[in-house]
Amino acid sequence: MVFNLPRSFRYFLLVQLVILLSYCTAEPGKSRGQVFHSEEYDFTIDTIAMNLKTVFGMDWLPDGKAIFTERGRRDSSISVIDIETGRITQLCNVPPAYSESDAGMLDIRVHPNYSANGWIYFAYCIHKKDSTSTLVVDRAKVDGNCLGEIQRLFEVKPYFKSSGHFGCRMQLRGGYLFLSMGERFVARDSAQKLSNHFGKIIRLYDDGRVPADNPFVNTMNALPEIWSYGHRNPQGMVFHPVTGDLWISEHGPQGGDEINIGKPGHNYGWPIITFGEEYGGGKIGAGITHKDGMEEPV
């Protein structure tokens, strides 16, 4: 389907791409002055840091510095970068993360009211001795160059033996915390079951409590934190600056990446409907792209 995004939203997406490119494409100084063209804007890019691992999450602090995570580092890295100087300060007292394949220290968000409450939110993977793992969300305050007052807000259920498809993005808006969670790759059918958190969008209050108006709070055997379901591996999530809709990008199967608009209680179809196929070819399930009661992607 072809659709038009509002100009302000296209600008937002382009800025995110520029930020990503600035971390990934060139040595410091060598890209300075290089012009990138789009339909409506021209950009120049300055590379301010390099030799990083997978920079998975990043958000802005009120002083103009950025706080970011690196997935895949064994030391569970959360760092702050001074955009003007390129100086990176790795924070101490960061909880250990299980780092393997898709697992590790993942998304990070600064509370919209950070100047008053000082909270940052970060999601990361943990595991047990039996090799099962899960995703958790903590919040903490930055005290000097360390994390302090760490609080556990949420733990994905159940633990599962897989290092794939954890999602994960977070958004904080209007006193709520939204979290995207993947279906752990080898547990794809779990995305259709409300008795687990796999393949779901989760909605909590920003202190970890469950809102009473979540769509499945009163559904028997359903986990009350669930906002929507039938997702595969949602790795991007943002609120539209004009409409307020929750836009979600999903890492799909081969040829099946999706953009969805998240709505409470809705089923986004994975793995029953998809426009993709198995890696290497072959239909998924019945090979259908639509079904009554399931949302098709934008």
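Scanning region 65-80 for residues that are at pLDDT below 95 and out of contact with any Phe, Trp or Tyr (no Cβ under 8 Å at 6 or more places or on another chain) turns up G72, R73, R74, D75, S77. Checking G118, G148, G174 one by one, the residue that is without any contact (Cβ under 8 Å) to a residue 24 or more places away in the chain and out of contact with any Phe, Trp or Tyr (no Cβ under 8 Å at 6 or more places or on another chain) is G174 and no other.
The criterion of at least 3 residues that are at pLDDT 95 or above, closer than 16 Å to L135 by Cα and touching a strand residue (DSSP E or B) at 6+ places or on another chain (Cβ under 7 Å) is met by the following strands (runs of 3 or more DSSP E) wholly inside region 163-209: 176-181, 200-205.
Scanning region 229-245 for residues that are of a type outside the set (G, A, S), within 14 Å of the chain's Cα centre (by Cα) and in a strand (DSSP E or B) gives P234, Q235, M237, V238, F239. One residue stands out in region 45-88 among those that are among the charged types (D, E, K, R) and assigned to a strand (DSSP E or B): the one that is most open to solvent (accessible area, probe 1.4 Å), namely R71.
The single condition from (1) open to solvent by less than 50 Å² (accessible area, probe 1.4 Å); (2) closer than 20 Å to S249 by Cβ that V136 fails is (2). Residue-level check: of (1) of a type in the set (G, A, S); (2) open to solvent by 50 Å² or more (accessible area, probe 1.4 Å); (3) within 21 Å of P96 (Cβ to Cβ), S162 misses just (2).
Of the residues examined, I261 is one that is assigned to a strand (DSSP E or B), open to solvent by 10 Å² or more (accessible area, probe 1.4 Å) and not aromatic (F, W, Y).
Inspect region 197-218 for any residue being more than 27 Å from P112 (Cα to Cα) and open to solvent by 30 Å² or more (accessible area, probe 1.4 Å) and give the result as yes or no. Yes, region 197-218 has at least one match.
Considering I288, I226, I248, I273, the condition of being surrounded by 20 or more Cβ atoms within 10 Å (Cβ to Cβ) and over 16 Å from the mean Cα position of the chain (by Cα) is satisfied by I273 alone. Within region 37-58, residues that are free of Cβ contacts under 8 Å to residues at least 24 places away in the same chain reach partners that are open to solvent by 50 Å² or more (accessible area, probe 1.4 Å) and in a strand (DSSP E or B) with beta carbons closer than 8 Å, at six or more positions or on different chains, in the pairs D42/V35; D42/F36; T44/V35; T44/F36. Among the residues here, G144 qualifies as among the small types (G, A, S) and modelled with pLDDT under 95. Please verify whether region 177-186 includes one or more residues that are closer than 21 Å to W227 by Cβ, open to solvent by 50 Å² or more (accessible area, probe 1.4 Å) and among the charged types (D, E, K, R). Looking for residues that are closer than 21 Å to W227 by Cβ, open to solvent by 50 Å² or more (accessible area, probe 1.4 Å) and among the charged types (D, E, K, R), one finds none in region 177-186, hence no. Condition check: surrounded by 14 or more Cβ atoms within 10 Å (Cβ to Cβ) and part of a loop (DSSP other than H, G, I, E, B). Does P96 satisfy that? No.
Among (1) within 26 Å of I48 (Cα to Cα); (2) touching a Lys or Arg at 6+ places or on another chain (Cβ under 7 Å), there is one condition L91 misses while meeting the rest; what is its number? Every listed condition holds for L91 apart from (2).
Here G280 meets the list (1) open to solvent by 30 Å² or more (accessible area, probe 1.4 Å); (2) part of a loop (DSSP other than H, G, I, E, B); (3) modelled with pLDDT of 95 or more almost entirely, failing just condition (3).
The values are calculated or read from the model by the stated rules, or taken from the named source; none is laboratory data. Note that the coordinates shown come from a computational prediction; the quantities given were computed from them, not determined experimentally. So basically every Cβ, Gly included, is an ideal-geometry build from the backbone, and we count neighbours across all protein chains shown. Protein only, heavy atoms only, side chains kept; ligands, DNA and RNA dropped before computing areas. Shrake-Rupley method; radii C 1.70, N 1.55, O 1.52, S 1.80 Å.
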